[in-house]
1. When you scan region 427-440, do you find a residue that is under 19 Å from Q349 (Cβ atoms) and at pLDDT 95 or above, even just one?
2. Could you pull out the residue among L165, L111, L160 that is over 18 Å from the mean Cα position of the chain (by Cα) and open to solvent by less than 10 Å² (accessible area, probe 1.4 Å)?
3. For region 394-429, name all the residues that are without any contact (Cβ under 8 Å) to a residue 40 or more places away in the chain and either of a type in the set (F, W, Y) or in a loop (DSSP other than H, G, I, E, B) (or both).
4. Please go through region 377-409 and pick out each residue that is in contact with an Asp or Glu (Cβ under 7 Å, 6 or more places away or on another chain) and under 14 Å from L343 (Cβ atoms).
5. So A93 fits all but one of (1) modelled with pLDDT of 95 or more; (2) under 28 Å from K186 (Cβ atoms); (3) away from the ligand (no atom under 14 Å from the Cβ); (4) small (G, A, S); what number is the exception?
6. So which residues in region 254-302 are touching a residue at least 40 places away in the same chain (Cβ under 8 Å) and β-branched (V, I, T)?
7. Can you find even one residue in region 32-51 that is within 15 Å of the chain's Cα centre (by Cα) and away from the ligand (no atom under 15 Å from the Cβ)?
8. The conditions are (1) among the acidic types (D, E); (2) open to solvent by less than 40 Å² (accessible area, probe 1.4 Å); (3) more than 30 Å from M215 (Cβ to Cβ), and E322 fails exactly one of them. Which is it?
Amino acid sequence: MAALHETGSDVAVVGRAARLRGDLQLPGDKSISHRALLLAALAEGMSRIEGAGDGEDVRTTARLVGALGVAIEREPAADGRTVSYAVRSPGLAGLREPDDVLDCGNSGTSLRLLAGILAARPWSTVLTGDASLRRRPVARIVRPLRAMGADVHAREDDRLPPVTLAGRSPLRAIDWTTEVPSAQVKSSILLAGLGAEGRTAVAEIVATRDHTERMLRAHGVAVETVRDGSSGGVRVTIDGGQQVSAVDETVPGDVSAAAFWLVAAAIHPDAELRLDGVGLNPTRSAVLDLLARMGADVRVSPEADPTASGEPRGSVVARSSELRAVDVAPDEVAAAIDEIPVLCLAASQARGTTTFRGVGELRVKESDRVAGIAAGLAALGGRVEVDGDVLRVHGPTPLHGATVDALGDHRLAMTFAVAALAATDDTTIGGSSSTSISYPGFFDDLERVVS
Ligand code: S3P
């Protein structure tokens, strides 16, 4: 038995795989799918989106955009992994004041990016979410949006959702340096900047994923990016009042979803997995560089044509590997923020001690991922040490089956499932239904590649 996961249940049992082989079609990139829906909502007319992810988070953004008076049709694609959307919008100026609280579910991206758009609408809105999202920080968007002139508040001294927002049109342009490397914060300010008078600037000490900037350009909006080659920082500027044009988008496969299969193959003794159409945006693909540095046999073949918004993509093949420990610096942790849990698993099978520095942001994701990965990997036989914002994983240690808790966090659930494929005895994963947040077909794919 490789996996036993009953749809509708929140527990999966996953056993050791004798072999891992196969080609997988990944879900559409979650970050890019959110942005494609949001920009389609800002553009007057019809936009079509192909290859979008069908996880709960992306469905949440589609539902919220619908609540703003945008007509949305969702159609499952023949591949069974992605969906297409037809979005007909009256454009930014024609959006409608929602008649209820906007429930962002588990999705931080929906809440933070929508807050930026709504800050420039002259209405009162409330953004909330599930218990996990209501524990995640929002002061990072409250402060800049307030500085732009929106009347924004949040619970517990502006720290936590719900967020109440009375927007203002036009907003004031600001020049803002983000406190933490966060593409959600950068994107929120840039989207608010579209509705501001003058030029808004966002500076980041560590450059984060640039999907918003690429997609805005593809929709006809001028966005300037100046990189500081020596520090790794970036400064992005946008002029307010620009029109967003309707554009058809194709979403590449999610590199963060790919990471689970790359690590699965690398740590398993008899594995070869091929993934097609994976997004290879250099601001997202640090996980590929880190795995290569660890000695993983991961081969990337870029495709000639990027997507409409200039997202490069390609195929990736991963095979069984001898891994070695690496030192992962804070800027690399930021660049591979969603892949750190599964990289910790890779580190547990690498020779030596892998050090991840600057992991503080992982504590405020869908769960406290530092605590979750440390407890789960330890239960599976790993040796993990947490020392403030430094995480050390000593390897290699043989993995054995255990009962682990994914804390309702999709990335922890998938990390533990991948660990189980290389562990002796069965692993029972609590909170496994969370995979539907970003990768609804995850357990079907796992069954497909296991023998
Ligand atoms: C995301 C940015 C990251 C990432 C999240 C998606 C995005 O969050 O962890 O899964 O789509 O912009 P932060 O911006 O909070 O680091």
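1. Yes: one or more hits.
2. Details: L111 fails: over 18 Å from the mean Cα position of the chain (by Cα); L160 fails: open to solvent by less than 10 Å² (accessible area, probe 1.4 Å).
The match here is L165.
3. Initially, region 394-429 is screened for residues without any contact (Cβ under 8 Å) to a residue 40 or more places away in the chain, giving 398, 400, 402-406.
Once the filter is applied, which keeps residues that are without any contact (Cβ under 8 Å) to a residue 40 or more places away in the chain and either of a type in the set (F, W, Y) or in a loop (DSSP other than H, G, I, E, B) (or both), region 394-429 yields P398, A402, A406.
4. Within region 377-409, just R392 meets the criteria.
5. Condition (1) is where A93 drops out.
6. V255, V263, I267, V278, T283, V287
7. No: region 32-51 contains no residue that is within 15 Å of the chain's Cα centre (by Cα) and away from the ligand (no atom under 15 Å from the Cβ).
8. With respect to (1) among the acidic types (D, E); (2) open to solvent by less than 40 Å² (accessible area, probe 1.4 Å); (3) more than 30 Å from M215 (Cβ to Cβ), E322 is out only on (2).
The values are calculated or read from the model by the stated rules, or taken from the named source; none is laboratory data. Being a predicted model, the structure only gives us computed values, none of them experimental. Positions of Cβ are backbone-derived with ideal geometry, glycine not excepted, and every protein chain shown enters the neighbour counts. With ligands, DNA and RNA removed, areas are computed over all heavy atoms of the protein, side chains included. Shrake-Rupley method; radii C 1.70, N 1.55, O 1.52, S 1.80 Å.
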